[in-house]
Amino acid sequence: MSEIQKLEPAALTAFDLFKQQDRDVAKKAIAARLLRNGVKQEDPVDLSYVPKAGETVEPLTPESGNEALEVYRHSTAHLLAAAVLDLYPGTKLGIGPALLDDPKGGFFYDFQRPEGERFTPEDLPKIEKKMRDLIKRNLEYKRIEMPKAEAEKKFLELGEPLKCELIEEKAGATVSCYTIEGTPFVDFCLGPHIPSTSKIKAIKLLSIAGAHWKGDESRPQMQRIYGTSFFSQEDLDAWLKQKEEAEKRDHRKLGTELDLFSFSDAIGPGLVLWHPNGALIRKVIEQFLNDELYRRGYSFVNTPHVTQSELFRISGHLENYQEGLYPPMTDKENEQIEYRMKPMNCPFHIQIYKSKQRSYRDLPQRYAEYGMVYRYERSGVTHGLMRARGFTQDDAHLFCTPEQLVGEVLGCLDLVDFVMKAFGFEYKAELSVRHPTDHAKYIGSDEVWTLAEAALTEGLNQYGLPYVRMEDEAAFYGPKIEFSLKDSIGRVWQCGTIQVDFSMPGRLGASYIAADGSKQVPVMLHRAILGSLERFIGILIEEYAGALPAWLAPVQAVVLTITDKQAEYAQQVTQSLQKTGIRVDADLRNEKIGFKIREHTLQRTPYLLVIGEREALEGKLAVRTRTGEDLGSMTPSAFADRVSAEVASHGIPVLEE
């Protein structure tokens, strides 16, 4: 919908303005997008907001995507808190944000019950029923503004010490609070919120978890209630079905069942221990990438896990990524020197580049590394392989001249396409650029930002890849293309990225001698295809529900004997298949064949090679798949040839006669 200008002289609210232009849109609106002098502001506003001079508003409706859904779910979290206070007087409030793309739900609220009282799962239906009752009553969400001192006094009188703490830390001179009409709920909150409870159409409370105030284990222990909400019951039902399927595919559960990886309290949360089968999957993926990268002119490098903090100060990471860094370590010989666990690889690759003087004839230089990086995440936020504290990036940094930049972008786009298709994923691209006017958090001149954005845009257009432009989403040093893939149950995962950087090479002293003899700073492309190897493997495990295609499976086939009499032939077959490069095991146990088949089917082994008396006499194998399909009898060499072809085709079956 086009912008709606503020009408003078009447002080009309956003809702009034929408109603004047289109009553149907006004009925659907839940909040408003605010533009100031034509520039979209970061935060939406309530429908009760009165635009000031130079401001315009646009409606946020259910069709407005995540921007509207975040407001909607935040308001549903407030509704949850109102229901809890009504049912359980004496409960203290923590925080209650909206969540987007979080497997745990669409919102949560943290509560502190009186001593000796706890929520149980049996309480959730009761709370949900109260929420529905409040929805039916069409109660108003009302914003109240007051001086900071008055707000602190009010929440102190309400017996809400945690809210007083938040006001002291975060509030300005004027504090905004929200109430829900007819309930005891009052919250310190920036908003915005929906106009009334009747706007909420579909809710579900999901679970209860433990939490600590501000994630600090020394602070009060709280209980966190997770829930979700959608604009329609159909959307909620679809999400619940997807969630049920996702729980069956949970990579953490399958990782244990298939003996792929584990975590240890002795080592710490978010730090993965790869078991032999899981490590083998990693090696298969790495080798697949290695072959392609060598073909495309990449060189491989390795860099340390720690560095002096000064390197990250110069690069800008210390200032811009402080929250994600681990605390410094002091050098034992010189207390003035600090070290950090590396959160990214780029400054290291620049050091390799500048280890000798480069000429324009040496460019481009393409350095690739499976670089282990460490980024601090609160222990309650880590989530298996998907969100770890230590993870491996399939990282590369390409150094080139400005004239070579578009060609290098095209090469990266082609590599992304090749890899995503090999793994069977469809993907989409987003072009993330600076805020159109507010450049405070970005480094570098307007000129280099314009060049960088133009190069990425030209590369996308030349390659013919559709993309969505995302303003104010760039990295602090340059614009980027981000790639997201959709899995088999409809979830979207952000993985790869291509980022143009005109700034960091110069900050760290990288240069080359141009054709005219002058010293110039190279352009650097940051490039990752899979992103985090850990996260990508987690996605693969859930995509295939553990049943990885043969080219990725740690064990591709298992030889099963019916009786001990076939053991010698089974060992010969196993050894001959192993020599061809097939990853095969033998199960010679004195167990019933049905038991063996069930066990290895549960282990998701792609091919089960049964040997009985007849197969041993004829020198053949009875081949069946983990899905139960009988592929008939074939010789070991025929099986090896056809599986090798399937592996080479990256999962396209070729076993049919």
| note | With the label point 7 Å along the Cα-to-beta-carbon line of K248 and a cut-off under 12 Å to each amide N, the hits in the stretch 531-575 are 545-546
| task | Specify the angular offset, from 0 to 90 degrees and rounded to the nearest 10, of the alpha carbon long axis of helix 148-157 from the longest principal axis of the alpha carbons in the chain. | result | 80
| How big is the stretch 250-378 by Rg and Dmax over its Cα atoms, in Å? | 18.2, 53
| said: Going by amide H atoms built from the backbone, whose H comes under 5 Å of the H on S488, apart from near neighbours? | reply: none
| task | Report relative contact order for the stretch 530-657 in percent, whole number only (criteria: Cα-Cα under 8 Å, sequence separation at least 6). | result | 25
| Rg in Å to one decimal, and Dmax rounded to a whole Å, for the chain via C-alpha atoms | 29.3, 98
| field | Convex hull projection area averaged over all views, the stretch 316-462, Cα basis, nm² | value | 12.9
| said: If I model a spin label at Q571 and A209 as a point 7 Å from the Cα along the Cα→Cβ vector, what separation in nanometres do I get? | reply: 5.1
| request: State the antiparallel share, in %, of DSSP beta bridges confined to the stretch 525-657, rounding to the nearest 5. | output: 45
| task | In whole Å, largest first, what are the principal axis extents of the Cα atoms in the stretch 570-657? | result | 36, 28, 22
| field | Residues of the stretch 195-234 with amide N under 15 Å of a point placed 7 Å along Cα→Cβ from T120 | value | 208
| Per q in 0.14, 0.20 1/Å, what log10 I(q)/I(0) does a Debye calculation on the alpha-carbon atoms of the stretch 499-657 return? | -0.72, -1.24
| Theoretical FRET efficiency, 1/(1+(r/R0)^6), r = Cβ-Cβ of N334 and K356, R0 25 Å, to 0.05 | 0.35
| So what's the projected area for the stretch 399-522, the Cα convex hull averaged over all directions, in nm²? | 8.7
| field | Fraction of beta bridges assigned by DSSP in the chain that are antiparallel (%, nearest 5) | value | 85
| field | Whole-number D in µm² s⁻¹ for the stretch 336-378, Kirkwood Cα-pair radius fed into Stokes-Einstein, 4 °C, 1.567 mPa s | value | 101
| field | In sequence order, calculated HN-Hα J values of the stretch 108-117 (Karplus, 6.51, -1.76, 1.60; Hz; x Gly/Pro) | value | 8, 9, 9, 10, 10, 7, x, 3, x, 10
| request: Compare the Cα positions of M634, A648, T563 along the charge dipole of the stretch 524-657 (+1 at Cβ of Lys, Arg; -1 at Cβ of Asp, Glu; about the Cα centre) and return the one farthest towards the positive end. | output: A648
| task | Any chance you could give the angle, 0 to 90 degrees and rounded to 10, that helix 233-248 forms with the longest Cα principal axis of the chain? | result | 40
| request: Quick one: divide the alpha-carbon radius of gyration of the stretch 75-232 by 2.2 N^0.38 Å and tell me what you get. | output: 0.99
| Three semi-axes of the equivalent ellipsoid, the stretch 84-166, Cα gyration tensor, whole Å, largest first | 24, 18, 15
| A31's amide H: which non-local residues (gap 5+, or another chain) put their own amide H closer than 5 Å, with H modeled 1.01 Å from N in plane and none for Pro or chain starts? | L60
| task | Please work out the ratio of the alpha-carbon Rg of the stretch 76-132 to 2.2 N^0.38 Å and round it to two decimals. | result | 1.12
| request: Identify the residues of the stretch 356-371 with backbone N under 15 Å of a label point that sits 7 angstrom from the Cα of T401 along the Cα-to-Cβ direction, or state none. | output: 358-365
| remark: Whole-number value, in Å³ per residue, for the convex hull of the alpha carbons of the stretch 551-602 is 61
| Inter-site label distance for R137 and K519 at 7 Å from Cα along Cβ, in nm | 7.4
| message | Output wanted: per-residue J couplings in Hz (rounded whole) for the stretch 203-214, from phi through Karplus 6.51 cos²θ - 1.76 cosθ + 1.60, θ = phi - 60°, x for Gly and Pro. | response | 10, 7, 8, 10, 6, 10, 9, x, 7, 10, 4, 6
| field | Cα pair distances of the stretch 213-303 binned at 10 Å [whole percent] | value | 12, 21, 26, 26, 13, 2
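For the stretch 14-60, what is the convex hull (Cα atoms) projected area averaged across all directions, in square nanometres?
That works out to 2.9 nm².
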| note | Mean separation of Cα contacts under 8 Å (at least 6 apart) over the residue count of the stretch 111-175, i.e. the relative contact order in percent, is 31
| the stretch 498-582: Cα Rg divided by the 2.2 N^0.38 Å rule of thumb | 2.16
| request: Assign unit charges at the C-beta atoms only (+1 for Lys and Arg, -1 for Asp and Glu), then state the dipole size of the chain relative to its Cα centre in Debye, rounded to the nearest 20. | output: 520
| message | If I fit a long axis through the Cα atoms of helix 276-295 and take the longest principal axis of the Cα atoms of the chain, what angle between them do I get, 0 to 90°, rounded to 10? | response | 90
| task | Kindly write out, for the stretch 440-450 in residue order, the coupling ³J(HN,Hα) from the Karplus curve 6.51 cos²θ - 1.76 cosθ + 1.60 (θ = phi - 60°), rounded to whole Hz, with x marking Gly and Pro. | result | 4, 8, 10, 10, x, 7, 4, 4, 6, 5, 5
| request: Please report the relative contact order for the chain, taking Cα pairs under 8 Å with a sequence separation of at least 6, and give it as a percent rounded to a whole number. | output: 9
| task | Specify, per residue and in Å³, the volume enclosed by the convex hull of the alpha carbon atoms belonging to the stretch 6-108. | result | 136
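Taken together, the values in this text are just the output of simple stated rules run on the coordinates, not laboratory data. The structure presented is a predicted model; accordingly, all values stated were derived computationally and were not measured. Note: ideal-geometry Cβ built from the backbone for every residue, glycine included; neighbour counts use all protein chains shown.
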